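I have placed the structure first, in the form of structure tokens, so that the comments after it can refer back to it.
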Amino acid sequence: MLGADSFVCSACIQNKAVSEDLFHGRSAGRCDFDTAHGTRYPVILIDEAAQIFDEAFRSEYCLGGQEFAGLDSRDKPFMTQRGEPLVICVQDFMECDDQVANALIEHAPDDGVYDGEPPFYDQCSNYEMIVDAYEREQAEAEDWLDWTHREPHPFFSFGLDVRDTRERIQAMEIEDPFLCRLLFIHQVGALEKFLHETFRTLIDIDEAAKHRFVSSTDKLNGKSIRLAEVMTDPDIVETRINAHLHSMSFHHLPLVDRMFTNAFGFSIFPDADGDIERFKRIIDMRHDCVHRNGHNKATGELHVIFRKQLSDHTADIERLGTHVHECARAHQGSIESGTPLDLADVF
Ligand SMILES: [Zn+2]
């Protein structure tokens, strides 16, 4: 390595912008880095050149960011550093050879080190252009936004609702029947939404099931459509199906059960014997809570829901949802190649 008192000439450094700063007004002299350059070109002390280089380089390069590189043999993710080794970056930036690049790195003032900062110049690290890092971060942020705006899987949303209700029950330090009643209504609502979305998802990927659904539904199959309507809306069948599904109450579980059974051949109830009665009580109670402020339709009595009861109902709702999700996955797997989405560990 050449010392701090060696000279570098303008022929050694081709970056025009930095060269201008380095060699403007300098006299020609002997180049210590390449004897072939002789004494024709303006020269500068490498130590002085390194100060100017330092400022220019730091304004355009930064340490390479970490990126996911894969899984190791124990399935742990491992990261690598983006970018290129320091000496390569300096050669690219200054348009010089590795000898000049190494000398510039060696003599660059790493002032922060005296204040306890890690050195900026590290021959073992990678560096990248700040503009590249910035553009990548922007692109990643857009990807993330795009991802977060996607519709979540129906079972995933349902799972989060169940988990949320459980956490709220656990967090309740004293009995709070009013809050329990609200959580109960919310939980049945989450089940309805899940059943609706699951049904919709399955008939969208299974034309035969959609056909069975339409032909077994009087409100759809019993309707005649005029030719003029078809000419106005060529997708009138889809439009009618959508309108029908949106007009339905998915908490009418016996009806929903018939829909699933007719279209896909499975019942929504995990236990055909006990569940119809059990869920009828849940649905009736939800109806009283939503429409009669919690008072029983026949007796006028108020449903007082305690933590234990809410917890039991939530477990039943979760059991039904999980059963429907598993049947839906199996059905999806039977008509599509590839592995269906598994979100069973949401709970
Ligand atoms: Zn030279």
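Please find, among Ile335, Ile283, Ile317, the residue that is at pLDDT below 85 and in the same structural domain as Ile174 (by TED's automatic domain parsing).
Details: Ile283 fails: at pLDDT below 85; Ile317 fails: at pLDDT below 85.
Exactly one of Ile335, Ile283, Ile317 is at pLDDT below 85 and in the same structural domain as Ile174 (by TED's automatic domain parsing), namely Ile335.
Within segment 116-136, residues that are free of Cβ contacts under 8 Å to residues at least 12 places away in the same chain have Cβ atoms under 6 Å from residues that are part of a loop (DSSP other than H, G, I, E, B) and surrounded by 13 or more Cβ atoms within 10 Å (Cβ to Cβ) in these pairs: Pro119/Asp110, counting only partners at least 6 apart in sequence or on another chain.
For every residue, the table says whether it meets (1) modelled with pLDDT under 90; (2) more than 33 Å from the chain's Cα centre (by Cα); (3) under 30 Å from Val304 (Cβ atoms); (4) not assigned by TED's automatic domain parsing to the domain that holds Val304.
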site	(1), (2), (3), (4)
Lys210	no, no, no, no
Lys223	yes, yes, no, no
Asn242	yes, no, no, no
His246	yes, no, no, no
Ala272	yes, yes, no, no
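Looking at the structure I just gave you, is Ala50 outside any loop (DSSP other than H, G, I, E, B), within 16 Å of the ligand (Cβ to nearest atom) and surrounded by 17 or more Cβ atoms within 10 Å (Cβ to Cβ)?
Values: outside any loop (DSSP other than H, G, I, E, B): yes; within 16 Å of the ligand (Cβ to nearest atom): yes; surrounded by 17 or more Cβ atoms within 10 Å (Cβ to Cβ): yes.
So Ala50 passes the test.
Restricting attention to segment 68-91, the residues being surrounded by fewer than 15 Cβ atoms within 10 Å (Cβ to Cβ), under 33 Å from the mean Cα position of the chain (by Cα) and at pLDDT 80 or above number 2. Of the residues making up segment 36-47, those that are closer than 22 Å to Asp92 by Cα and more than 9 Å from the ligand (Cβ to nearest atom) are Pro42, Ile44, Leu45, Ile46, Asp47.
One residue stands out in segment 254-282 among those that are touching a residue at least 24 places away in the same chain (Cβ under 8 Å) and farther than 30 Å from Ser334 by Cβ: the one that is surrounded by the most Cβ atoms within 10 Å (Cβ to Cβ), namely Ile282.
Tally the residues that are basic (Lys, Arg) and surrounded by 15 or more Cβ atoms within 10 Å (Cβ to Cβ), restricting the search to segment 220-253. Let's see the steps before the verdict.
Start the filter on segment 220-253 by keeping residues that are basic (Lys, Arg), which leaves 223, 226, 240.
Narrowing the set further to residues that are surrounded by 15 or more Cβ atoms within 10 Å (Cβ to Cβ) leaves 240.
Matching residues across segment 220-253 total 1.
Out of segment 1-28, which residues are more than 10 Å from the ligand (Cβ to nearest atom) and part of a loop (DSSP other than H, G, I, E, B)? Scanning segment 1-28 gives Met1, Leu2, Gly3, Ala4, Asp5, Ser6, Gln14, Asn15, His24, Gly25, Arg26, Ser27.
Has segment 205-220 got at least one residue that is more than 28 Å from Arg258 (Cα to Cα) and not in a helix (DSSP H, G or I)? Before the answer, list the steps.
Residues of segment 205-220 that are more than 28 Å from Arg258 (Cα to Cα), as a first pass: none.
For segment 205-220, residues more than 28 Å from Arg258 (Cα to Cα) and not in a helix (DSSP H, G or I): absent.
Is it the case that some residue within segment 294-301 is within 17 Å of Gly189 (Cα to Cα) and either outside any loop (DSSP other than H, G, I, E, B) or in contact (Cβ under 8 Å) with a residue 12 or more places away in the chain (or both)?
Here is the first cut: in segment 294-301, the residues within 17 Å of Gly189 (Cα to Cα) are 294.
Checking the rest, the ones that are also either outside any loop (DSSP other than H, G, I, E, B) or in contact (Cβ under 8 Å) with a residue 12 or more places away in the chain (or both) come to 294.
Scanning segment 294-301, I find at least one residue that is within 17 Å of Gly189 (Cα to Cα) and either outside any loop (DSSP other than H, G, I, E, B) or in contact (Cβ under 8 Å) with a residue 12 or more places away in the chain (or both), so the answer is yes.
Exactly one residue out of Leu63, Leu2 is surrounded by 13 or more Cβ atoms within 10 Å (Cβ to Cβ) and not assigned by TED's automatic domain parsing to the domain that holds Glu135, and it is Leu2.
For segment 53-74, filtered to residues that are touching a residue at least 60 places away in the same chain (Cβ under 8 Å) and part of a strand (DSSP E or B), the residue that is nearest to the ligand (Cβ to nearest atom) is Tyr61.
The values are calculated or read from the model by the stated rules, or taken from the named source; none is laboratory data. This one's a predicted model, so the numbers in the text were calculated from it and none came from an experiment. Please note: Cβ atoms are built from the backbone with ideal geometry, for glycine as well, and neighbour counts cover all protein chains shown.
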